[in-house]
Amino acid sequence: MNTVMTLPEKVPYHLAVIMDGNGRWARSRGLPRLAGHRAGVENLRRILRACTEFGIKILTIYAFSTENWGRPEAEVRGLMNILETVIDRELKQLHANGVQLRHIGELDGLSEMLQGKVSKAVDLTRNNDQLILNVAFNYGGRQDLLQAFRRIVDDGIPSDQIDERLIDYYLYTAGQPDPDLVVRTGGEMRLSNFLLWQASYAEYYSTPTYWPDFDREELLKAIAQFGQRERRFGLVLQS
Ligand code: IPE
Ligand code: IPE
Ligand code: MG
């Protein structure tokens, strides 16, 4: 196998990942979809380690979209349970590793117990500075914009004071730089309502590899490709 051994020179500061393909991964093994989601969590541990190793400072993961509520009830319940178990089992280690956990999305809709656990995890890790892990759970890009606009209106901000910086400030990702690279596993070529505002100039990388199989080497491939992209931001670059 052709493995990339040297660490990449150019690494995204903020990496966002659409962790897709868990269900297909499970189906291809004759397993129930939830087994795929559990394998996905295992993989997250690997990818977190790799991100720290490569010097990525912000990792945003898409774990549950506002549209995912429409899945069969048992799967939704299973995904809620998985989030709860992950917090119970991993929080201590994440905290010890200096990970600052943040939740992006709406807490409303989650059980009170889960809301409490998420808030406690966010609180506990708020001063950590090795890596920011934004967990997009019950997140939608449109919902993100909608809640921002609502709060802007509630705060009585006059329209002539609304600019892009102000909107940034009201989004769930307030205070963080935009993602440099969006990686999607599972092969689809769409954003599925992820970071619509924030990813407007992110580089996009899609791989057919299902999320549970997306390992350190696969991440290196994505980063290597990112390193070769010319980000023009609409300008004409001098050659
Ligand atoms: C992504 O995997 C995880 C969530 C959306 C929660 P999927 O569950 O969408 O897996 P596929 O796309 O059906 O294979
Ligand atoms: C996007 O995957 C959401 C997450 C990875 C959490 P989906 O599987 O829900 O997206 P679609 O249905 O393929 O657009
Ligand atoms: Mg999917």
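The values are calculated or read from the model by the stated rules, or taken from the named source; none is laboratory data. From a predicted model like this one, the values you see are computed outputs, not experimental measurements. Please note: Cβ atoms are built from the backbone with ideal geometry, for glycine as well, and neighbour counts cover all protein chains shown. Protein only, heavy atoms only, side chains kept; ligands, DNA and RNA dropped before computing areas. Shrake-Rupley method; radii C 1.70, N 1.55, O 1.52, S 1.80 Å.
The residue that is nearest to the chain's Cα centre (by Cα), among those in the range 135-159 that are under 27 Å from R77 (Cα atoms), more than 13 Å from ligand 2 (Cβ to nearest atom) and not polar (S, T, N, Q), is D144. Looking only at residues in the range 192-212 that are open to solvent by 60 Å² or more (accessible area, probe 1.4 Å) and within 17 Å of the chain's Cα centre (by Cα), the one that is farthest from ligand 1 (Cβ to nearest atom) is Y201. In this structure, is I61 at pLDDT 95 or above, surrounded by 17 or more Cβ atoms within 10 Å (Cβ to Cβ), assigned to a helix (DSSP H, G or I) and of a type outside the set (K, R)? No.
In this entry, A222 passes the filter for residues that are among the small types (G, A, S), under 30 Å from S28 (Cα atoms), away from ligand 1 (no atom under 16 Å from the Cβ) and over 15 Å from the mean Cα position of the chain (by Cα). Quick one: in the range 28-62, which of the residues that are away from ligand 2 (no atom under 13 Å from the Cβ) and of a type in the set (K, R) is farthest from I82 (Cα to Cα)? Only one residue tops the list, namely K57. Listed by first and then second residue, the pairs linking a residue in the range 21-47 that is under 15 Å from E75 (Cα atoms) and in a loop (DSSP other than H, G, I, E, B) to a residue that is more than 16 Å from ligand 3 (Cβ to nearest atom) and among the acidic types (D, E), with Cβ atoms under 7 Å apart and 6 or more places separating them unless they lie on different chains, form an empty list. Reported count of residues in the range 147-161, each being of a type in the set (V, I, T) and open to solvent by 70 Å² or more (accessible area, probe 1.4 Å), is 1.
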